[in-house]
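Let me begin by presenting the structure, written as structure tokens, before commenting on it.
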């Protein structure tokens, strides 16, 4: 949908706030730790997380601050039979801990399994548990993807299409192609120092949004110019900056999730 000359898209990504344990990738079979200055594997902060106790180090964070979350809230509860979700009319929020920014409360939900007894989304030492609860908080903001970046993605797309019809055209290290930025050749993700999970998540989410904006831009061009030699389209004198502008506005939403495991043996009836 185009709004005021700009196309808005929503990209979501989540990371998990754990106040007691952060998985650390340096655990070896001999239990000796190495590379303690390295950041944890980014994938360990994405769902589902398998918390390996031998690969976990205790990290103390400042206390979390929860605002406007109390028993006086106007709460709405939904039950699907395997998930119980609660939201509130009041605007609650969270900050502190490893969070530098303020996140608004979205909902609290519990999910479980009636058949297997393994209802948790995440794992501890490869094992799922009966139930898990999530406090979900989110923060949305808008980014501007530069038209230069969009045109780089356009050039990369046509370069790859060119190789399909002309494999001898060149490669990522060819000197005659150094002026073109190729997403498949360059690692665009530069890790934030000091293991700032919030900043890493924000950076990666914005990069995903930028790449998807570029893909939408390419699709828009292909619909209007479906024919022609892709090798001729890598460099073009035709100006696309005005057209690219409609894809430059991207709305990004990042979720911060507090996860609670129910690791005891629970007895309950399925709710329908």
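Mind listing whichever residues of the stretch 54-68 are surrounded by 12 or more Cβ atoms within 10 Å (Cβ to Cβ) and modelled with pLDDT of 85 or more?
64, 65, 66, 67, 68
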Filtering helices (runs of 4 or more DSSP H) wholly in the stretch 183-251 for at least 3 residues that are buried (at least 16 other Cβ atoms within 10 Å of the Cβ), at pLDDT 90 or above and in the same structural domain as residue 162 (by the TED database) gives 197-224
By my count, strands (runs of 3 or more DSSP E) wholly in the stretch 51-151 with at least 3 residues that are under 30 Å from residue 239 (Cβ atoms) and touching a residue at least 24 places away in the same chain (Cβ under 8 Å) are 131-144
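The values are calculated or read from the model by the stated rules, or taken from the named source; none is laboratory data. Bear in mind the structure is a predicted one, so any value in this text is a computation, not a measurement. Don't worry about glycine lacking a Cβ; one is built from the backbone with ideal geometry, like all the others, and counts go over all protein chains shown.
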